[in-house]
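Asker: Structure provided below as structure tokens; questions to follow.
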Amino acid sequence: MEGIGMPELTIGAIAVAPVIAALVEAAKAAGLPSRWAPLMNAVLSVAAYLMVTQVLASKPEAVQAAAIALNVVIIFLTTAGFYTTAKYAATSRAREG
């Protein structure tokens, strides 16, 4: 794995974590029993690690494109979370008022 150091892997893991969490939550919303969520999380985490290390080791020029794609997904998931939180807060206030 020449060319990929620990900082890059750590940053990649931090970037992929919200994506994995969103996929697990989507699977639960689609009917996956909650007891299987940790296993799905583990499988997706290992798959993401293997995929990232293989792709970036074989194509170092893909690092920038991968970083951009992951940042776009993280921004989307973050704003979707803020939207949901704000919507929940507004609904709660309406019920109290």
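Asker: Counting only residues that are over 15 Å from the mean Cα position of the chain (by Cα) and assigned to a helix (DSSP H, G or I), which one in region 1-21 is modelled with the lowest pLDDT?
Answerer: If we take residues in region 1-21 being over 15 Å from the mean Cα position of the chain (by Cα) and assigned to a helix (DSSP H, G or I), then 6 is modelled with the lowest pLDDT.
Asker: For the condition over 15 Å from residue 16 (Cβ atoms) and either surrounded by 11 or more Cβ atoms within 10 Å (Cβ to Cβ) or at pLDDT 75 or above (or both), what is the one hit in 37, 67, 94?
Answerer: 37
Asker: Residue check, residue 56 against (1) modelled with pLDDT of 90 or more; (2) within 19 Å of residue 72 (Cβ to Cβ); (3) of a type outside the set (Phe, Trp, Tyr), all met but one. Which one?
Answerer: In the conditions (1) modelled with pLDDT of 90 or more; (2) within 19 Å of residue 72 (Cβ to Cβ); (3) of a type outside the set (Phe, Trp, Tyr), residue 56 misses (1) alone.
Asker: From the residues in region 22-70 that are assigned to a helix (DSSP H, G or I) and of a type in the set (D, E, K, R), which one is farthest from residue 80 (Cα to Cα)?
Answerer: Per the stated criteria, the residue is 61.
The values are calculated or read from the model by the stated rules, or taken from the named source; none is laboratory data. Bear in mind that the values here come from a model prediction, so they are computed numbers and not experimental data. Please note: Cβ atoms are built from the backbone with ideal geometry, for glycine as well, and neighbour counts cover all protein chains shown.
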